[in-house]
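Undergrad: Dumping the structure here so I can ask a few things about it.
The values are calculated or read from the model by the stated rules, or taken from the named source; none is laboratory data. Remember, it's a predicted structure, so these values are computed and weren't measured experimentally. Note: ideal-geometry Cβ built from the backbone for every residue, glycine included; neighbour counts use all protein chains shown. Please note that ligands, DNA and RNA were not included when accessible areas were found on the heavy atoms of the full protein model with its side chains. Shrake-Rupley method; radii C 1.70, N 1.55, O 1.52, S 1.80 Å.
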Amino acid sequence: MLDEFSDEQLMLRYQQGDARAYEELLGRHYRPVFRYLIRSVRDRNVAEDLLQDVFMRVIRGAEAYRETAKFTTWLYTIAKNTLIDAARKQKFRNHQSLDQPMRNDADGGATRVDFVRDERSEGNADRRLADRQFTETLQEVLERLNPEQREVFLLREFQHLSFSEIAEVVKASENTVKSRMRYALTFLRNELSEFAEAKH
């Protein structure tokens, strides 16, 4: 079964002509990459176009892939470069968008945000309203965040890349990436404190 293979193994199988391996990779990463793109461009149609571009670049660049690179790092580097190329063509304004309710929890004294919505969960109208208000507030705060810090935050919190992987994607040292993340978390915690206090 292909689902037993790692991303890297699947990519090597695809290089050898196994089209099913590519389909498995697509199934695993299509939705996460789309979420990353739509949070960057805030336009579903544009994000869908960019998503096609990303996976076309995966196909065209398949032969250049080497197993020494983690597939997700390679993939999000492609996604980042696709966004940069599109921005250079002025096809869209590069803003962050969040369309899912959030919750906060503590992690080493820093604020972490969980952006996963369970569509099957039930909540009352007041809770849904509070979630929507927090989502809108967080979106506004993220848009005020330094772009480099926001990029690191998105890759870490949304895509769950490690700091070393993010460093490869953004072409910076791991220490720089960690520093950007600390600043992002501090900024978000401070900016969102008033919202949290208003709800208690």
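Undergrad: For region 40-57, which positions are buried (at least 22 other Cβ atoms within 10 Å of the Cβ) and of a type outside the set (Gly, Ala, Ser)?
TA: Selection gives VAL41, LEU50, VAL54.
Undergrad: Take region 168-195 and flag every residue that is open to solvent by less than 40 Å² (accessible area, probe 1.4 Å) and either at pLDDT 95 or above or touching a Lys or Arg at 6+ places or on another chain (Cβ under 9 Å) (or both).
TA: Within region 168-195, VAL169, VAL170, ALA172, VAL177, SER179, MET181, ALA184, LEU185 qualify.
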